[in-house]
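For reference, the structure is listed below as structure tokens.
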Amino acid sequence: MTTIAPAGRAVAESARAMPTPVYILLHGIAAAAFIFLLQRYALGATLQSSVIWALTFGGCAIGLAYMQSKR
């Protein structure tokens, strides 16, 4: 059985929402992994450079996800 959520989306009654901090961290991890793989293997950057870019982009992604969650 489903119910209509306030935003108009159907939500199963047994479904539980994942806490917002988990989504924020997953967003940062996914962004960091993507940029690391892109830098390291697609662009052939050094390991140190790839890690620095991954940390930078991961931190920016966490900041962006946090800001969007507070809208």
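All of the numbers you see were taken from the coordinates with simple rules; none came from a lab. Note that the structure is a prediction, hence the values are computed from the model and not measured. Cβ placement follows ideal geometry from the backbone for every residue including glycine, while neighbour counts extend to all protein chains displayed.
Ordered by the number of other Cβ atoms lying within 10 Å of each residue's own Cβ, fewest first, 50, 69 fall into the sequence 69, 50.
Karplus-derived 3J(HN,Hα) values for the range 44-56, using 6.51 cos²θ - 1.76 cosθ + 1.60 with θ = phi - 60°, are x, 6, 6, 4, 4, 5, 5, 5, 4, 5, 5, 5, 5 Hz; glycine and proline are entered as x.
Here's the picture: a label point sits 7 Å out from the Cα of residue 51 along the beta-carbon direction, and within the range 15-37 the residues with their amide nitrogen under 19 Å of it are 29-37.
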